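Peer 1: Before anything else, here's the structure in question.
The values are calculated or read from the model by the stated rules, or taken from the named source; none is laboratory data. What you see is a predicted model, and the numbers here were worked out from it, not measured in a lab. Cβ: placed from backbone, ideal geometry, glycine included. Neighbour counts: every protein chain shown.
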Amino acid sequence: MSQFALNLIVIGASFALYIGIAIWARAGSTAEFYAANRGVGPVMNGMATAADWMSAASFISMAGLIAFTGYDNSTYLMGWTGGYVLLALLLAPYLRKFGKFTVPQFIGDRFYSQTARIIGVICLLIISITYVIGQMTGVGVTFSRYLEVSSSTGLWIGAALVFCYAVLGGMKGITYAQVAQYIVLIIAYTIPAAFIAMQLTGHVLPQTGLFGTHDASGAKFLAKLDQVVTDLGFRSYTGHHNSTLDMVLFTLALMIGTAGLPHVIIRFFTVPKVADARKSAGWALVFIALLYTVAPAVGSMSRFNLTTTMWPGAETGDTFSMPAVSVDAINNDPDLTWMRNWQATGLLAWEDKNGDGLIQYYNEAGAADAPVAAIIEEQGLVGNELTTVNNDIMVLANPEIANLPGWVIAIVAAGGLAAALSTAAGLLLAISSAVSHDLIKGAINPAISEKNELLAARISMAVSILVATILGLNPPGFAAQTVALAFGLAASSIFPVLMMGIFSKRINAPGAIWGMIAGMVSTILYIFAYKGWFFVAGTNMLPDTADAWLFGISPASFGTVGALINFAVAYAVSSATAEPPAEVQELVESIRVPRGAGAAHSH
Amino acid sequence: MSDKSSSNAYWKANLRIIWISLAIWALVSYGFGIILRPLVASIAVGGSDLGFWFAQQGSILVFIILIFVYSWRMNKLDREYGVDE
């Protein structure tokens, strides 16, 4: 059976499953549409949260980010998991106790201000729209790579599928589809990783293989990897090379940004009890960790495999004990078919610059002080000859590099689609419920009936899908800035206001409003100063380099500073103005205890 | 509310659990994983050191344990103060 037929069968079967779930889990009320009627158990909600959370970026790009940077990019691993501790301890149980449907609704009620609610909606829309574009383009790219259609056709197919279960089922349909998508994506991620860990280290578990012994050379795997990459003039894999301050701030920005993402927070509105919200965050992290502890193994092992493919001698002995891979081998060796396949996509490219028939891969910037300097001298090299290696190859080409069977490749394709579609659906629900519940019911027509609000929610969902698809077809400049813009804003605006709303009775409406504005504006201005106004290339006022950053703080790390500004401004403004009314202080008292609000007030 | 004082005591106990949990959360990630890595560099873990392990694996495992222990402690606290659902 051809690879194309296999891909079609596996992807088709996974889609049939999601559509079946859509028909089974139709929503009949707004409570079902916005919060799955609060009937999702903590384990199942944990699984759905994991699928909601792990996007195309987690599935496809993260291992590559770690592979080519090593230890310094541990920030993503800690940042994107540590946020769940903050969610469990500081936000989820209290917001579940509050018992409403959207994040802006909490902001509006707690700060007794329609203005605060609208600012919350604006933040939510910027965050979620930036985020969803990346997911939609991810769907298009995966389709075009595996099903031989154009990426715009792929995008429309993906949009039609999300339309089926999101418009019909709302949160209920999305939740059960996400559970299925989690299972597909985790299988797709771990199977190739287990095979590769087995080949290199003899460990079935990639998590232990990473710290195990490299079978072929007898050295510790990480020590061997460090040796091979430093021989070629790259920075050591396990070493700490970047600014410590920026590493701390970036990790913190990712953590509080994660905890402040509306589409993640609303998942905790679906569980029956406050105790379930706490436990559910734990289960979510268990399911996330299944992928996040495999990712560093995938990254390091695929980096090793790529490097030993280029320098075959490195596999068993000294890096330069054998000549570099030859052009002839790349063109004819069946084991290297993957190089030719991926060359066609433009994600991998090589060029025999000195015409010696060999492709020598090394780091030009660090070559002078590395052992590769002698090879450059001896073989007359004029530059690194593996000219393009895209980060994303590390996961997508993994099964081919390791010569795994065709069905594994098909499952990886289905897994990539599951990761992108599940996150897209969660984001679209956050967007459409903010529009129908916060704008239409909250601001424009508060008298709207339950039935009409459900209809409005469905129409908002359909329109959101259409807008996301169109933006996915023509991604604007800010689409590539998910990390800086979405996490930066969630960290600097939404997380602080939610936390202060729960942990302080003194923060009042003007404090919250000015705090959110200060956090959001300072973060956006800092990003624009280095990345260009609205990310238009060439309009940046300062060069985007470590030397030009204020105190060495990168634009993507600034969310942490923005959050501090938010806290400080909110505190100062609140102290100078009247304290919140008594009924708001009662509300804060009531969300702090799990027992039902009705019972507490009846005394 | 009939028992404001007990609800204040409940909130104080809750905050204490949160502070302890956050201290551990920060210690394993920002501490051992980043800032204190040089201090624990002499402890070898499979081809690298303890700091590398915490940064790439250990902190995630500690986070999971933290949330479940927090959840268990809070459920116990809810029952002690009679505020469970």
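Peer 1: Report those helices (runs of 4 or more DSSP H) wholly inside the stretch A:256-370 carrying at least 1 residues which are within 14 Å of chain B (Cβ to nearest Cβ).
Peer 2: Hits in the stretch A:256-370: A:274-292, A:295-310.
Peer 1: Would you mind finding the one in A:A31, A:A16 that is in a helix (DSSP H, G or I), of a type in the set (A, V, I, L, M) and crowded, with 17+ Cβ neighbours inside 10 Å?
Peer 2: Residue meeting the stated conditions: A:A31.
Peer 1: Moving to a separate point now. Could you list, in sequence order, all residues of the stretch A:61-86 that are buried (at least 24 other Cβ atoms within 10 Å of the Cβ) and either farther than 29 Å from A:I174 by Cα or away from every other protein chain (no Cβ under 13 Å) (or both)?
Peer 2: Those that are buried (at least 24 other Cβ atoms within 10 Å of the Cβ) and either farther than 29 Å from A:I174 by Cα or away from every other protein chain (no Cβ under 13 Å) (or both): A:I66, A:A67, A:G70, A:Y71, A:S74, A:T75.
Peer 1: Out of the residues in the stretch A:366-406 that are crowded, with 19+ Cβ neighbours inside 10 Å and touching a strand residue (DSSP E or B) at 6+ places or on another chain (Cβ under 7 Å), which is farthest from A:V229 (Cα to Cα)?
Peer 2: Across the stretch A:366-406, the extreme among qualifying residues is A:I393.
Peer 1: Okay, moving on. Within the stretch B:62-85, how many residues turn out to be at the interface with chain A (Cβ under 7 Å from one of its Cβ atoms) and either under 13 Å from A:T81 (Cα atoms) or not β-branched (V, I, T) (or both)?
Peer 2: 12
Peer 1: Now a separate question. Which one is nearest to A:R26 (Cα to Cα) among residues in the stretch A:176-207 that are among the aromatic types (F, W, Y) and surrounded by fewer than 24 Cβ atoms within 10 Å (Cβ to Cβ)?
Peer 2: So, considering only residues that are among the aromatic types (F, W, Y) and surrounded by fewer than 24 Cβ atoms within 10 Å (Cβ to Cβ), the one nearest to A:R26 (Cα to Cα) is A:Y176.
Peer 1: Answer with yes or no whether B:I34 is at the interface with chain A (Cβ under 7 Å from one of its Cβ atoms), crowded, with 17+ Cβ neighbours inside 10 Å and within 25 Å of A:L91 (Cα to Cα).
Peer 2: No: the conditions fail for B:I34.
Peer 1: For the stretch A:302-324, check the following and say yes or no: at least one residue is surrounded by 23 or more Cβ atoms within 10 Å (Cβ to Cβ), of a type in the set (G, A, S) and under 30 Å from A:M255 (Cβ atoms).
Peer 2: Yes: the stretch A:302-324 contains one or more residues that are surrounded by 23 or more Cβ atoms within 10 Å (Cβ to Cβ), of a type in the set (G, A, S) and under 30 Å from A:M255 (Cβ atoms).
Peer 1: Based on this model, can you work out whether A:L454 counts as part of a helix (DSSP H, G or I) and not hydroxyl-bearing (S, T, Y)?
Peer 2: Spelling it out, A:L454 is indeed part of a helix (DSSP H, G or I) and not hydroxyl-bearing (S, T, Y).
Peer 1: Just the residues that are farther than 17 Å from A:S504 by Cα and within 14 Å of another protein chain (Cβ to nearest Cβ), please, taken from the stretch A:542-597.
Peer 2: A:S557, A:T560, A:P594, A:R595, A:G596, A:A597
Peer 1: I would also like to ask the following. Looking at the stretch A:390-428, which of its residues are closer than 17 Å to A:M310 by Cα and either modelled with pLDDT of 90 or more or in a helix (DSSP H, G or I) (or both)?
Peer 2: A:I393, A:M394, A:N398, A:E400, A:I401
Peer 1: Moving to a separate point now. Among the numbered criteria (1) modelled with pLDDT under 90; (2) within 24 Å of the chain's Cα centre (by Cα); (3) more than 20 Å from A:A188 (Cα to Cα), which single criterion is violated by A:V435?
Peer 2: (1)
Peer 1: Moving to a separate point now. Against the conditions (1) part of a helix (DSSP H, G or I); (2) outside the structural domain of A:I23 (by TED's automatic domain parsing), where does A:F234 fall short? Just the number, please.
Peer 2: A:F234 satisfies all of (1) part of a helix (DSSP H, G or I); (2) outside the structural domain of A:I23 (by TED's automatic domain parsing) except (1).
Peer 1: Something else now. Residues that are without any contact (Cβ under 8 Å) to a residue 60 or more places away in the chain, under 26 Å from the mean Cα position of the chain (by Cα) and surrounded by fewer than 20 Cβ atoms within 10 Å (Cβ to Cβ): does the stretch A:209-231 have at least one?
Peer 2: Scanning the stretch A:209-231 turns up no residue that is without any contact (Cβ under 8 Å) to a residue 60 or more places away in the chain, under 26 Å from the mean Cα position of the chain (by Cα) and surrounded by fewer than 20 Cβ atoms within 10 Å (Cβ to Cβ).
Peer 1: Condition first: farther than 18 Å from A:R235 by Cα and either surrounded by 20 or more Cβ atoms within 10 Å (Cβ to Cβ) or under 35 Å from the mean Cα position of the chain (by Cα) (or both). Can you find one or more residues in the stretch A:326-333 that meet it?
Peer 2: Scanning the stretch A:326-333 turns up at least one residue that is farther than 18 Å from A:R235 by Cα and either surrounded by 20 or more Cβ atoms within 10 Å (Cβ to Cβ) or under 35 Å from the mean Cα position of the chain (by Cα) (or both).
Peer 1: Sticking with this one: So which residues in the stretch A:237-254 are part of a helix (DSSP H, G or I) and more than 7 Å from chain B (Cβ to nearest Cβ)?
Peer 2: A:L245, A:D246, A:L249, A:F250, A:L252, A:A253, A:L254
Peer 1: Of everything in the stretch B:42-57, what is in contact with a Leu (Cβ under 8 Å, 6 or more places away or on another chain), more than 7 Å from chain A (Cβ to nearest Cβ) and crowded, with 17+ Cβ neighbours inside 10 Å? Give them in sequence order.
Peer 2: Correct list: B:G51 only.
Peer 1: So A:H203 fits all but one of (1) in a helix (DSSP H, G or I); (2) within 14 Å of chain B (Cβ to nearest Cβ); what number is the exception?
Peer 2: Here A:H203 meets the rest and fails (1).
Peer 1: Sort out which residues of the stretch A:206-225 are within 9 Å of chain B (Cβ to nearest Cβ) and either in a loop (DSSP other than H, G, I, E, B) or more than 25 Å from A:A289 (Cα to Cα) (or both), and write them in order of number.
Peer 2: Hits for the stretch A:206-225 are A:L210, A:F211, A:G212, A:H214, A:A219, A:K224.
Peer 1: Now for a separate question. Please verify whether B:S6 is more than 9 Å from every other protein chain (Cβ to nearest Cβ), at pLDDT below 95 and over 18 Å from the mean Cα position of the chain (by Cα), treating the condition exactly as stated.
Peer 2: yes
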